[in-house]
Each structure stands twice: as C-alpha cells, then as structure tokens.
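The values are calculated or read from the model by the stated rules, or taken from the named source; none is laboratory data. Treat the numbers as computed from the prediction; the structure is a model and nothing was measured. Note that each Cβ is placed from the backbone with ideal geometry, even for glycine, and that neighbours are counted across all protein chains shown. In case anyone asks, the SASA skips ligands and DNA or RNA and just uses the protein heavy atoms, side chains included. Shrake-Rupley method; radii C 1.70, N 1.55, O 1.52, S 1.80 Å.
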Amino acid sequence: MSFAQNYHQWILEICSPYLGKVVAEIGAGTGNFSDFLLSSDIKRLVAFEPSDNMYPLLEEKFKAVSNVETIKSLFENRSEAYPDAFDSVCYINVLEHIEKDDEALSHAYKCIRKNGYLLIFVPALNFLFSEMDKSLGHYRRYSKKNLYKVVSSAGFSVEKIKYFDLAGIVPWYIAFVLMKGTMKSSGVAVYDRLVVPFMKKVERILPPPIGKNLVLVARKE
C-alpha cells in the first residue's frame, strides 16, 4: 500500500479536521501514513510500531525529525506512560490486526484528552474476507454495527462512521476471494492513479451505502 498515494491522501482528508496538534499513530509500520500526518497541521507525532522488521525502518526514517517520536512497542504496553496525552489516536489499517480490539481501544481512551478523537480506518464486509486477509494478519473485517459497538463500548461517542471505496469491492472480491490471488504493487498503483481520484469526488457528494472499508470518527467526552 506504499504505492497508494492518492488513497492515503483521501484518508487523511477525512481525518485531518479531527487530528489536533499531538497525535498518536498506532501500528505506524515503516511510516507511509506518518508522512501524510506530518503534511497536515499537527505539531507532534508519536508513532508506535512493535515489529522487528518494520521498526528499524521507521526509526531510521524519522531519527532526524524533531517532532516525531518513534516507539518500538505495542501501544497497549506503553499507554500508561501517556495519560490524557493526545489530541487524537489513529488506527489506520491496524485495528483488524489486533485480536482483542476492545482492550486496545480501552487503552486508547485513557490516552486521549477530553474532547479528543479516535480515528479508525479498517477493512469492511465479512464476505470479502480472504486468504489475503489471513496472510496480512487480519482477525476480521468489520461491519458498521460491530465497529460501532466495540468503539462505543470503550467509552467513546461515535460522531461519524461511513463506508469508503465502493469501487474497490468487486476487484477485491474477484482477485482475492474468487481467484485467491495476492496483492501486487502494480495493481495497487494503477487503481490508485485511475480510480481513486474519481471515486473520492463521487463519494464526497454521494456517501456510498456500502464500501470496501470503513472510516470512523469518535470523541472522548
């Protein structure tokens, strides 16, 4: 997904009004989406990444960037050090990797300041769950109902939850559910260049009734 520049920009545009100034990015990987967060108006980014493979790349990428702190740890293992510390906490393509997502969100709640935001982007629709999801380490794909439930149960007030990327449903179903294929960077790049800009304009005007992903914005009251 590092090739999906337009896709990431689309996600950022939805999230940016809620970021605030001090942001935690959970599961930052090698920092692909971190770059987009830093292109916004935030003042400080704390990026958590537990992977032995990805963290060294994340650390190297931002070692000279003064307003970025990288932490090699599961967020849940370090969250007690950040009570009420963040204006927002972001899970971008991450929550589906966490087996106990309810426990993870309870930690996030404690780390967000009053009236701060939880921002989530996850894969949607159970019928799209495939071998690709399994290979990526996904425990689940979400419906609006179960995402709303796990977030509200953690204490948050859900302000926005909507489907994202209607056009991606059929290609994903054919390529990964029916054909049991694997993701190729060339395919991602073509979709990102030709389809995403058009669909972003369409979905801005006409929110889709269904989509390959879900975006959620919730507030800590």
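Pick from 74, 57: which is touching a Pro at 6+ places or on another chain (Cβ under 6 Å) and either closer than 25 Å to residue 133 by Cα or hydroxyl-bearing (Ser, Thr, Tyr) (or both)?
Result of the check over 74, 57: 74.
From the set of residues in region 9-50 that are part of a helix (DSSP H, G or I) and within 16 Å of residue 62 (Cβ to Cβ), which is nearest to the chain's Cα centre (by Cα)? If you could, list the steps in order and put the result at the bottom.
So in region 9-50, the residues part of a helix (DSSP H, G or I) come out as 9-18, 32-38.
If we keep only those that are within 16 Å of residue 62 (Cβ to Cβ) as well, we get 32-38.
Details: 32: 11, 33: 9, 34: 11, 35: 14, 36: 12, 37: 12, 38: 15 Å.
For region 9-50, the residue satisfying everything is 33.
Select from region 58-81 the residues that are open to solvent by less than 100 Å² (accessible area, probe 1.4 Å) and part of a helix (DSSP H, G or I) and list them in ascending order.
Passing the criteria: 58, 59, 61, 62, 75, 76, 78, 79, 81.
Check region 70-93 and report whether any residue there is more than 27 Å from residue 158 (Cα to Cα), touching a strand residue (DSSP E or B) at 6+ places or on another chain (Cβ under 8 Å) and among the β-branched types (Val, Ile, Thr).
Within region 70-93, one or more residues are more than 27 Å from residue 158 (Cα to Cα), touching a strand residue (DSSP E or B) at 6+ places or on another chain (Cβ under 8 Å) and among the β-branched types (Val, Ile, Thr).
Considering only residues that are among the β-branched types (Val, Ile, Thr) and over 22 Å from residue 84 (Cα atoms), which ones fall in region 1-59? First the steps, then the outcome.
Going through region 1-59, the residues among the β-branched types (Val, Ile, Thr) turn out to be 11, 14, 22-23, 26, 30, 42, 46.
Selection gives 11, 14, 30.
From the list 171, 207, exactly one residue is of a type outside the set (Ser, Thr, Tyr), farther than 16 Å from residue 94 by Cβ and surrounded by 13 or more Cβ atoms within 10 Å (Cβ to Cβ). Which is it? Steps first, please.
Details: 207 fails: surrounded by 13 or more Cβ atoms within 10 Å (Cβ to Cβ).
That would be 171, the only listed residue that is of a type outside the set (Ser, Thr, Tyr), farther than 16 Å from residue 94 by Cβ and surrounded by 13 or more Cβ atoms within 10 Å (Cβ to Cβ).
What are the residues in region 180-196 that are surrounded by 13 or more Cβ atoms within 10 Å (Cβ to Cβ) and not aromatic (Phe, Trp, Tyr), if any? It would help to see each step written out before you state the result.
Our first condition is that a residue be surrounded by 13 or more Cβ atoms within 10 Å (Cβ to Cβ); within region 180-196, this holds for 181, 183, 187-189, 191-193, 195-196.
Across region 180-196, the qualifying residues are 181, 183, 187, 188, 189, 192, 193, 195, 196.
Give the residue that is farthest from residue 140 (Cα to Cα), with candidates limited to residues of region 88-119 that are of a type in the set (A, V, I, L, M, F, W, C) and assigned to a helix (DSSP H, G or I).
Looking only at region 88-119, we keep the residues that are of a type in the set (A, V, I, L, M, F, W, C), and these are 89-90, 92, 94-95, 98, 104-105, 108, 111-112, 118-119.
Add one more test, that the residue is assigned to a helix (DSSP H, G or I), and what stays is 95, 104-105, 108, 111.
On the way: 95: 9, 104: 15, 105: 16, 108: 20, 111: 25 Å.
My answer is 111.
Give just the number: which of (1) closer than 26 Å to residue 83 by Cα; (2) outside any strand (DSSP E or B); (3) open to solvent by 30 Å² or more (accessible area, probe 1.4 Å); (4) not basic (Lys, Arg) does residue 159 not satisfy?
Tallying (1) closer than 26 Å to residue 83 by Cα; (2) outside any strand (DSSP E or B); (3) open to solvent by 30 Å² or more (accessible area, probe 1.4 Å); (4) not basic (Lys, Arg), residue 159 fails exactly one: (2).
Provide a single number: the residues in region 175-221 that are of a type in the set (Gly, Ala, Ser) and within 18 Å of the chain's Cα centre (by Cα). Step through it out loud before you land on a result.
Narrowing region 175-221 to residues of a type in the set (Gly, Ala, Ser): 175, 181, 185-187, 189, 211, 218.
After this cut, where a residue has to be within 18 Å of the chain's Cα centre (by Cα) as well, the list is 211, 218.
Residues meeting the conditions: 2.
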